[in-house]
Protein chains: 4
Amino acid sequence: MIRVSIIGATGYVGIELLRILIGHPEVSIAHLTSKTYKGQKIWHVYPCLKNFIDKTCEEMNFEKIVEDSDVVFTALPHGISMGIVHEFLDRGVKVIDMGADFRLKDVTEYETWYKIKHKSPDLIKEAVYGLPELYREEVKQARLVANPGCYPTSVILAAAPLLKAGIVKTDSIIVDSKSGTSGAGRSLRLDLHFSETSESFRAYSIAGSHRHTPEIEQELSLLAEEKLVISFTPHLVPMTRGILSTLYFKLNYQVSTEELTNMYIDFYKREPFVRILKDSLPQTKSVRGSNCCDIAVGVDKRTGRVTVVSAIDNLIKGAAGQAIQNMNLMFGLDEKTGLALPPLYP
Amino acid sequence: MIRVSIIGATGYVGIELLRILIGHPEVSIAHLTSKTYKGQKIWHVYPCLKNFIDKTCEEMNFEKIVEDSDVVFTALPHGISMGIVHEFLDRGVKVIDMGADFRLKDVTEYETWYKIKHKSPDLIKEAVYGLPELYREEVKQARLVANPGCYPTSVILAAAPLLKAGIVKTDSIIVDSKSGTSGAGRSLRLDLHFSETSESFRAYSIAGSHRHTPEIEQELSLLAEEKLVISFTPHLVPMTRGILSTLYFKLNYQVSTEELTNMYIDFYKREPFVRILKDSLPQTKSVRGSNCCDIAVGVDKRTGRVTVVSAIDNLIKGAAGQAIQNMNLMFGLDEKTGLALPPLYP
Amino acid sequence: MIRVSIIGATGYVGIELLRILIGHPEVSIAHLTSKTYKGQKIWHVYPCLKNFIDKTCEEMNFEKIVEDSDVVFTALPHGISMGIVHEFLDRGVKVIDMGADFRLKDVTEYETWYKIKHKSPDLIKEAVYGLPELYREEVKQARLVANPGCYPTSVILAAAPLLKAGIVKTDSIIVDSKSGTSGAGRSLRLDLHFSETSESFRAYSIAGSHRHTPEIEQELSLLAEEKLVISFTPHLVPMTRGILSTLYFKLNYQVSTEELTNMYIDFYKREPFVRILKDSLPQTKSVRGSNCCDIAVGVDKRTGRVTVVSAIDNLIKGAAGQAIQNMNLMFGLDEKTGLALPPLYP
Amino acid sequence: MIRVSIIGATGYVGIELLRILIGHPEVSIAHLTSKTYKGQKIWHVYPCLKNFIDKTCEEMNFEKIVEDSDVVFTALPHGISMGIVHEFLDRGVKVIDMGADFRLKDVTEYETWYKIKHKSPDLIKEAVYGLPELYREEVKQARLVANPGCYPTSVILAAAPLLKAGIVKTDSIIVDSKSGTSGAGRSLRLDLHFSETSESFRAYSIAGSHRHTPEIEQELSLLAEEKLVISFTPHLVPMTRGILSTLYFKLNYQVSTEELTNMYIDFYKREPFVRILKDSLPQTKSVRGSNCCDIAVGVDKRTGRVTVVSAIDNLIKGAAGQAIQNMNLMFGLDEKTGLALPPLYP
């Protein structure tokens, strides 16, 4: 059994990790930490977990966690992980970081976008960007995995085959993403107050100011083998779970929808969690509760553009599920262990 | 492995059975039948199931189904099951009927409420009402289980301890239930059209005309050991999954909330899926995606009444999950097999 | 023109008053006060109002408000109004209080339920309970109107004809109410966070602990001409606007649905905002955006009970619309002025 | 009083016309036609209208309608209006067509996209595209107005200032639109069934196949004074009302967000229903129930692109409200008559 602790267990990402790990046959839960709820039973904080787990939220205690854990998931606001991850790594505990601290390879980029100084630039180099579809072998060897952001996961998987094949113009990329509210977490905010959010749809950051932009650009640039910038706009959908991203690319030459669809099918043919749709279009409910990413492509001959649509559950393939997929790889398990969860539909 | 077929696999109950059975370690799926979608891949009808199962929907073929199945789940409109169930039973295949045909023990009641003649009154006698919390031993021996309705499950579990204990007036029972839309199935109806349903709440049957009334009354009468009638009002909530029932009873004598709560805890102490809440009240999201039933009670000294609130996922504890719980019992498995699913929250 | 000020203009009730008053042909807005947003344009706080009104939120200034206003609406947390209302009344400004401070005639009841000492017991006596359907003539003469609560409005209108006629047992009354989230206001709370509320339904106070209970009981007792207590349970619906209440009464003698329906039609025949439905049941969306209250009744011969269902928009007939209806009466206008707003459907 | 008839009164557009016209001080309703509901009271079809209007739905009777009407609104499926509009025009009754039959100036385009032969190509020439912000003077003189589509309204208003000014590359335009469900009408469809739509977000037509594409392209081409094509992707949001469109353009030269915002403010400075936002971004709830169109722009220096976001209520500025705005112009009324409706918020 892999002994797992979750640092920051009571946010939506923490609790989703816990929900999936409860059903994971090779895992035992060691410690759950929470600043806010320390001393309380986890099922007191989330009554839905009553009877499923009886752990108590604890204050962070490095000694105990290191002693009892093979791996920790750090689900913390940005800026915190970078100060504590080395404590675990130095003493042989692997780390999967759910936040942004180790995703950007360029320290300057990190410091520009997050407006704080990075405390562990050395670990940035070591950290593996945990998107198994692109970095499977590296993840297997990793001590420290930077688990991708939810938007970036939906975008990178949608763009990878096109960029790898070099058939789109790299200065033409538009990414229009739409997320459910759980991506914004459990902290109270007026714009997430039910009366304000229900029956409303909005963009919440335009013209390139969202912090997932550099993360997406980093990975798309690596795929394209050239430095590129994108236009990225995130929107808020009146639903709890799910991200759908719509990507637009200018084609270098004409190609049919069918050819591109087959190219995608081929690209992802060994991937357990990526599904290429032919006769239908992705919708978030079709992936909700699962680790799947659904993708469809369509070519518009009139404009010479290809549109790619992808859908994920932001808390699973966009966070907790992907992290557990990474954990499975790091510990030599079948990648699907604990993750063969069909979507909850309807 | 138990070989399972689903008759009527493409409704919401059928597909939920399939979703849970896919994760059941002791089950293999034999046949899926569907009049409407015969010849189509099940994941073509429900794209969410792509990669999880590759079966094709078939027309009903008794020979093949009997040959390949140990048990069939019949998820059909009322009036159909009663004509075909004996075909399976006679040839040694167990049946779990998801519909209403075998729930009412009194044939006349059935014929009055459903306005058709019953074709298998003999099987009514044999059928076991599949609420494990009340009929566990009978279910274990059953060839034919009548799986309870969704509203009745939420109501009977909420009322049982009080009626068994004889501490409430049996002519005082009011049941006010609220259901998500999936309980009404996948057939198109104006009142389930998104634009009509969203941001709206309504009662849809008042003054005792809903067909779950006699089913609830039958079971509450058995618990109370006297014939009783109830006032039952179902409402439609603008959400997909979940039933919450609020029950009102006049007490025979004063008793405290704490005493009653402890009585409920004791009554259900061996039940894996019933959770009695002390410090919080049930909400449907806390059971969504799970086989749990959450219950809380409160005594109002001013009125001499007790209020009981219960919540279930109507498609799981109110249908598919309970049916699989019954199947586990009928085949000598641990009752929780395949059902240890924590709720999907948030 | 009636000169109107709103004290506490930036809550949901305040802003709904403002929205309706903007379209009222006999009203001019004098002052809008807000502690939180003083100094800001009201359309900065609520961008939806841009171009419709250009007022700035002000700190409370009695002098100016008294000088410029014929009537003030006080939309404040309980306990505040009772300390300031006399300032207006003493100087000839009428007051419509949106909160609970003047609704309960019995000071002791108020102090028991709200756990604070009442500062203006004398004004309680003078205050008129502003339900025009019951107190129209008194409202016309009033200086101070206590605008009814949202739940009480839906319940009292639904119960009045039965209690006036004396045909139901007064110890049998059960009230099961369901409200959208806007009734809980704009203050942030975890249980109103979109991710927690969407796709969930729950009861939030059982066994008689909600503060609207004594208000309902007061008015039902007056109608029945005897002191009565009720069982009242409020629930939260995943939608923003609307209250639906389901009431249960034991009949003193048998009577048909048709007879009772006609009795209701007769009782409310001169009421512009109460609609008795015959062939359909109330739903909240059918009254959303309007000052209407829809009611239907049904008798269940089996149980000897009558069920009454009523629906209102909690922010309009349950708050701002009713207040403006009261204002119209107080100033001798046609009661419907500014309120002939058909529901926004779908 | 302008005498108005609605042909096809019982769809969502028809009923929204009726709702607004009920409050219009210069209008009397003459006839409401409906194939499906002829002979029924309109408030029987939409109980929300009870007490507000007592008209009966009639079968189409040209004689009577012509005799009693000054203008008719035709709210019909495409292909029907073009066969009947001349009947009204020839006899002096003005027509505002809510459908697509007279929007495309190029008959071939119409026949290609709608796959039927056009019956009144002569009237296409006469018809005025009813977007007052661009064609106010023409609308004033028109006998026949082709009321714009909902998506096109949101897109053209968002794009007009940029294209008029010639500061964006015309081969770079991407339009990513999101609509609530009411835009798809009241006809039942599986993908609009509540259980399928709630908590789900999806694209429903990619790569340029939606029929609003040529309408948008026609108007943007006229603005740019050159033939252009766009990439347009419509999405379905789990809410009833509202469209939000996000547009992306490559700039011809660098310009700041502030400069562009001021350009938009100037462009629309005389428009009563277009609001340019500076400190916030559009959201659909802020325009729901109103005839407003909210717009914000943002320049991303990194990519040399400008993003424009616009929001409307699809049934009002995207249909019925705009049609009434056109009617006001055609009859010499103040354009805002009957339309000064603040948004319903929250």
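The values are calculated or read from the model by the stated rules, or taken from the named source; none is laboratory data. Because the structure is a prediction, the values reported are computed rather than measured. Don't worry about glycine lacking a Cβ; one is built from the backbone with ideal geometry, like all the others, and counts go over all protein chains shown.
Do we find a residue being assigned to a loop (DSSP other than H, G, I, E, B), buried (at least 17 other Cβ atoms within 10 Å of the Cβ) and basic (Lys, Arg) anywhere in region A:161-183? Break it down stepwise before answering.
Taking region A:161-183 as the starting set, the residues that turn out to be assigned to a loop (DSSP other than H, G, I, E, B) are A:166-167, A:169-173, A:180.
Cutting the leftovers down to buried (at least 17 other Cβ atoms within 10 Å of the Cβ) gives us A:167, A:170, A:172-173, A:180.
Filter once more, keeping what is basic (Lys, Arg): none.
Within region A:161-183 (the criterion being assigned to a loop (DSSP other than H, G, I, E, B), buried (at least 17 other Cβ atoms within 10 Å of the Cβ) and basic (Lys, Arg)), the answer is no, since none of the residues qualifies.
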Count of residues meeting criterion [of a type in the set (Lys, Arg) and either buried (at least 18 other Cβ atoms within 10 Å of the Cβ) or in the same structural domain as C:Gly14 (by TED's automatic domain parsing) (or both)] in region C:184-195: 1
Matching residues, region C:296-346, being part of a loop (DSSP other than H, G, I, E, B) and of a type in the set (A, V, I, L, M): C:Leu315, C:Ile316, C:Ala319, C:Leu333, C:Leu339, C:Ala340, C:Leu341, C:Leu344
Qualifying positions in region D:220-264 - surrounded by fewer than 24 Cβ atoms within 10 Å (Cβ to Cβ), out of contact with any Lys or Arg (no Cβ under 8 Å at 6 or more places or on another chain) and over 24 Å from D:Thr303 (Cα atoms): D:Leu222, D:Glu225, D:Glu226, D:Lys227
Residue ID - farthest from B:Ala146 (Cα to Cα), chosen from residues in region B:100-111 that are touching a residue at least 40 places away in the same chain (Cβ under 8 Å) and surrounded by fewer than 21 Cβ atoms within 10 Å (Cβ to Cβ): B:Glu109
Filtered residues of region C:1-40 (kept if of a type in the set (D, E, K, R), closer than 15 Å to C:Phe52 by Cβ and out of contact with any Cys (no Cβ under 9 Å at 6 or more places or on another chain)): C:Glu16
Filter result for C:Asn328 (surrounded by fewer than 24 Cβ atoms within 10 Å (Cβ to Cβ), over 18 Å from C:Gly130 (Cα atoms), at pLDDT 95 or above and away from chain B (no Cβ under 12 Å)): no
Tally, over region C:208-250, of residues that are over 21 Å from C:Leu281 (Cα atoms), touching a residue at least 12 places away in the same chain (Cβ under 8 Å) and among the aliphatic types (A, V, I, L, M): 7
Selection count, region A:151-198, where residues are aromatic (Phe, Trp, Tyr) and over 15 Å from A:Pro214 (Cα atoms): 1
Qualifying residue in region D:116-125 (condition: surrounded by 14 or more Cβ atoms within 10 Å (Cβ to Cβ), closer than 24 Å to D:Ile2 by Cα and of a type outside the set (Lys, Arg)): yes
Members of region A:166-199 that are in contact with a Gly (Cβ under 8 Å, 6 or more places away or on another chain) and of a type in the set (D, E, K, R): A:Arg186, A:Glu199
Breaking point among (1) over 22 Å from the mean Cα position of the chain (by Cα); (2) of a type in the set (A, V, I, L, M); (3) within 14 Å of C:Ile174 (Cβ to Cβ), for C:Met263: (3)
B:Glu111 being within 20 Å of B:Pro214 (Cβ to Cβ), in the same structural domain as B:Leu32 (by TED's automatic domain parsing) and in contact with a strand residue (DSSP E or B) (Cβ under 8 Å, 6 or more places away or on another chain): no
Verdict on A:Ser198 being within 29 Å of A:Glu16 (Cβ to Cβ), among the polar types (S, T, N, Q) and out of contact with any His (no Cβ under 7 Å at 6 or more places or on another chain): yes
From A:Val155, A:Val145, residue being of a type in the set (A, V, I, L, M, F, W, C) and either in the same structural domain as A:Asp90 (by TED's automatic domain parsing) or outside any helix (DSSP H, G or I) (or both): A:Val145
Unique residue being at pLDDT 95 or above, within 14 Å of chain D (Cβ to nearest Cβ) and closer than 26 Å to D:Pro342 by Cβ when the list is C:Ile96, C:Ile42, C:Ile65: C:Ile42
Flag for B:Tyr268 being touching a strand residue (DSSP E or B) at 6+ places or on another chain (Cβ under 9 Å), farther than 21 Å from C:Ser198 by Cβ and among the hydroxyl-bearing types (Ser, Thr, Tyr): yes
Unmet criterion (only one of (1) surrounded by fewer than 18 Cβ atoms within 10 Å (Cβ to Cβ); (2) touching a residue at least 60 places away in the same chain (Cβ under 8 Å); (3) not assigned by TED's automatic domain parsing to the domain that holds D:Thr74) for D:Lys140: (3)
Region B:24-52 - residue that is in contact with a Leu (Cβ under 7 Å, 6 or more places away or on another chain) and in contact (Cβ under 8 Å) with a residue 40 or more places away in the chain and, of those, farthest from D:Phe201 (Cα to Cα): B:Glu26
Evaluation of C:Lys336 against (1) within 8 Å of another protein chain (Cβ to nearest Cβ); (2) modelled with pLDDT of 95 or more (one fails), failing number: (1)
Residue identified as closer than 25 Å to D:Tyr46 by Cβ, modelled with pLDDT of 95 or more and in contact with a Gly (Cβ under 7 Å, 6 or more places away or on another chain) among C:Gly289, C:Gly318: C:Gly289
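Going by the structure shown, is C:Arg91 assigned to a loop (DSSP other than H, G, I, E, B) and under 14 Å from the mean Cα position of the chain (by Cα)?
The answer is no for C:Arg91.
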Hey, D:Leu163 within 23 Å of D:Pro132 (Cα to Cα), touching a Cys at 6+ places or on another chain (Cβ under 7 Å) and away from chain A (no Cβ under 14 Å) or not: no
Any helices (runs of 4 or more DSSP H) falling wholly within region B:186-295 and containing at least 3 residues that are at the interface with chain C (Cβ under 9 Å from one of its Cβ atoms) and touching a helix residue (DSSP H, G or I) at 6+ places or on another chain (Cβ under 7 Å): B:194-197
Candidates A:Glu199, A:Glu217 - the one that is under 14 Å from A:Ala159 (Cα atoms), buried (at least 21 other Cβ atoms within 10 Å of the Cβ) and of a type in the set (Asp, Glu): A:Glu217
